[in-house]
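Below: one structure, written as structure tokens.
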Amino acid sequence: MADKTAQTIYINADPSTVMDVIADIESYPEWVNEYKHTEVLEADEKGYPKTARLELDAAVLKDTMVLTYDWGNVDRGSVRWSLVSSSLLKSLEGEYRLSPKGSGTDVTYELSVDLIIPMIGLLKRKAERRLTDTALKDLKKRVEAE
């Protein structure tokens, strides 16, 4: 991923528990305010989502995205996703990387987004930082509440 934003947070749970929450895409609307509806369109032989539709409603940004997921490194604590279709985004690449740390997990979220409408690089990075920060905090809250 070129030109990406990355942030890390510590979650007080083991990596497999964290990955289970990440993989449960259909529950995202329960704990991510911006997702109004999510649907797994196709799953792999292990039950991990391969393709999913996510309806986003984040104040000024409303969109329905279809994402494809690569769980090939899930045993090493990593999942990647990329954009298949969207009305507002030209591209989107994301990745969660999980690393055991003490009794918990360091979770790094990397994100690179390109909008169809041109945006100044500084504003784009700020939006990506806000998205990654919110996503990590929501993930931490969800995992630690279970």
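Please treat every number below as a calculation from the coordinates, not as lab data. Please read all numbers here as calculations on a predicted model, not as lab measurements. Every residue, glycine among them, receives a Cβ derived from its backbone with ideal geometry; neighbour counts consider all protein chains shown.
Points worth noting:
- Alpha-carbon geometry of the chain: the Rg and the Dmax are 14.6, 44 Å, given in that order.
- With Cα atoms, 0 to 90° folded angle of helix 121-145 axis to the chain main axis: 30
- A cut-off of 5 Å between modelled amide H atoms, ignoring neighbours fewer than 5 places along the same chain, links residue 84 with 66, 67, 68.
- Candidate lysines for bridging to residue 140, where Cα separation is under 18 Å - those fewer than 8 sequence places away on the same chain excluded: 101
- In percent, rounded to a whole number, the relative contact order of the chain is 29, using alpha-carbon pairs under 8 Å and six or more apart.
- Gained length - residue 8 relative to residue 117, 0.36 nm times residue gap less alpha-carbon distance: 36.4 nm
- Listed peptides 76-86, 104-114, 40-50 by packing density, highest first (mean Cβ within 10 Å): 104-114, 76-86, 40-50
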